[in-house]
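Following: one structure in structure tokens, then a few remarks.
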Amino acid sequence: MTRPSSHNDRERGYELALHRYIKALDSADFETVAEVLTLAETDPELDRRIAAVNDAIYAEAGLTPREQQAQTVRKLLAQHIPSGMPQPEPEAPAPLTVGDVAAKLQADQATGRPTLLSDRDTNTRLLGNTTPLPDRMTEAAITRLATDLGAGGSERYWEEFRHAATRLGMARASGHARLAARHQRPTQAGTNRPRRGGTRWQSSDGEPDAEQ
Amino acid sequence: MGEHDLTQAQSAIATRAVAPAHILGDAIAREYESVRRGIAAMVWTSGLAGHGDVNDVADEVLHDVVLRAMAKPEAYDPTRPVRPWLLKFATYVLMNRREKAMRRPSPLSLEARRPAAGGADMEYTLAERLLARDDFTETRAAELLDLVAPADREVLKLHYVEGFRGKEVAAKIGTTEGAARARISRATTRLAVAYHAAEHTTQKGGRQ
């Protein structure tokens with residue numbers, strides 16, 4: 001079948017871009033990955049093909065999807081868009097504390113996840129500390145927290161602390177969302193509609209769900 | 001600018017002026033699972049999760065990505081796909097992690113550490129040249145394809161010799177489009193490596 005040369009050129013362009021992208025992924029060359037993604041920002045077809053490759057690599061890695069992450073991201077977005085976003089959760093969970101994260105790091109060490117032997121004393125001192133964590137777990141916020149606590153600890157410890165705090169926050173948010181989902185009534189005219197798999201949004205004023 | 005273009009531009013400006021945070025929030029909600037899979041793919045292929053869970057690291061990165069994106073909703077252009085824009089944030093987060101993960105500062109600059117510029121393009125062009133239907137004899141093509149494993153041979157033949165594109169190759173080998181493209185890409189690299197190794201051996205043999 002003979003194709004017009006412009007079509008062939010365009011197709012070849014896509015093939016080259018995808019080869020560049022896949023090779024960069026395999027090489028951890030994030031700079032090249034970013035360059036190809038910049039092209040995809042103005043090319044929906046390239047974006048689609050890159051997404052197909054990402055899905056294939058995800059499957060290749062044997063990773064399984066996490067349904068509850070929809071709820072977690074929803075909660076994150078609601079923190080940044082307080083007005084106009086639905087807040088159906090009935091009661092807020094207790095805020096996470098510094099002591100909660102220190103306990104998580106200690107548990108990680110017990111289960112074989114590498115932690116920081118030189119900072120063990122710092123972590124021990126923080127167990128039971130009831131200081132609430134910052135709302136946004138940015139690097140700057142954690143640095144301020146470390147200074148305020150005066151607990152010492154290496155830069156790497158506080159980096160691990162931030163990662164553990166993020167994981168705990170997301171796990172708690174998804175657990176709370178599951179609880180909220182169980183408390184919701186089944187089909188009702190107007191507002192609440194049954195959730196399926198945690199991937200549909202609901203709005204409290206009856207607007208159609210935003211589909212994924 | 002035509003009337004249609006003006007209307008689209010006006011619409012874009014109006015949309016951005018009204019509620020960029022909501023628009024971006026909706027876009028993230030639609031694409032978050034696809035973005036998360038993309039981030040997980042980056043984490044897995046780069047090995048940055050180390051002994052940790054890839055999904056955990058991907059979730060952390062996604063968290064950072066959402067924070068960064070929502071800090072500047074006005075930077076998002078709603079007329080463009082949001083997924084690559086978000087995935088770019090992820091590459092910046094992962095670049096930082098990669099630098100921190102290095103046990104000691106590298107004696108090489110970041111630029112020097114990157115794979116050779118144009119390397120991927122050269123590999124693809126080489127494969128096209130070596131296997132292009134008009135230029136080869138069947139014997140020569142078979143010799144070249146013998147340099148690689150049978151699984152690579154199959155996709156290289158379909159793509160470069162027979163001229164099938166990713167979607168068509170996928171249909172022929174019974175897999176997804178993305179998986180077919182990944183196989184073609186990796187086979188292309190392995191062919192280039194094997195070809196250069198064979199050429200080097202031949203040249204060494206000629207000099208002796």
Please give the peptides A:133-146, B:29-42 ranked by average Cβ packing (other Cβ atoms within 10 Å per residue), highest first, as a rough proxy for protection.
B:29-42, A:133-146
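Below 11 angstrom from the Cβ of B:Val43, what's the summed charge of the other residues (Lys, Arg +1; Asp, Glu -1)?
0
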Length gained, A:Thr38-A:Arg156, 0.36 nm per residue minus C-alpha separation, equals 39.3 nm
Per-residue Cβ counts within 10 Å, from other chains only, averaged over B:167-175: what number is that?
1
Contour minus Cα-Cα span, A:Asn129 to A:Asp148, at 0.36 nm per residue, comes to 5.6 nm
From other protein chains only, count the Cβ atoms within 10 Å of every residue's Cβ in B:90-99, then give the mean.
4
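No value in this document is a laboratory result; all are computed from the given coordinates. Not measured: the values here are computed from a predicted model. Methodologically, a virtual Cβ is constructed for each residue, glycine included, from the backbone with ideal geometry; neighbour enumeration extends over all protein chains shown.
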